[in-house]
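Working notes, beginning with the structure itself.
Bear in mind that the values in this text are calculations on the coordinates, not laboratory data. Everything numeric here is computed off the predicted structure, so don't read it as measured data. Virtual Cβ from ideal backbone geometry, glycine too; neighbours counted across all protein chains shown.
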Amino acid sequence: MRNSRLMVQGAAVLALGMLAAGCASIKDHRGYIMDEALVATVQPGVDNKLSVERTLGRPTFISQYGKQTWYYVAINTGQKPFTRPKTASQSILVIDFDGRGNVASMSREGMEKVARLSPESDKTDTLGRDRSFFQDLFGNIGAVGAVPGGGPAGAPGGTGPNGS
């Protein structure tokens, strides 16, 4: 009798332990692993793209427009059971290069660059102006149908090969 009671108690403790382990949050690291000693060796005015790549590795992504910028992104996320992962911390190392490929400046950015989007809702926030319905409706009056030559459409005197 005593043995069966101990077995039931042991099974109950084991089941509670497994249940508690299943409810633990999941922590994950995504992206670049920052090594502060290596980051500190990169010096503006001294290093170039090749030396930065040899020291820090390939960047997470590179700017496509404007000045030449490399981004090293590291994100730590946490996820509770049955929920989506949420960003717990983020670190972005931004390295700007001049026209000759030398390091011009380095900076760091963090959680201020995290944007929370909720695509299930009826409205998604975007950057730009807030315009009313009537501004959207009538905002382009006068701009539609304008001809670069200044005259009505089809009038001769344009700069194209067919006079338009």
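Here the residues Met34, Met111, ranked from fewest to most Cβ neighbours within 10 Å of their Cβ, fall in the order Met111, Met34. Residue-wise HN-Hα couplings along segment 78-85, as the Karplus relation 6.51 cos²θ - 1.76 cosθ + 1.60 with θ = phi - 60° gives them from phi, are x, 9, 8, x, 6, 10, 7, x Hz; Gly and Pro carry x.
With all pairs of separate Cα atoms included, segment 38-80 yields a Kirkwood hydrodynamic radius of 12.2 Å. With each label modelled as a point 7 angstrom along the Cα→C-beta vector, the Gln43-Ser107 pair spans 2.3 nm.
Would you mind working out the magnitude of the charge dipole of segment 22-111 relative to its Cα centre, with +1 at each Lys and Arg C-beta and -1 at each Asp and Glu C-beta, to the nearest 20 Debye? Each step should come with its number before you reach the end.
Details: 11 positive and 8 negative charges, 79 e Å.
Using only the charged Cβ atoms, the result is roughly 380 debye.
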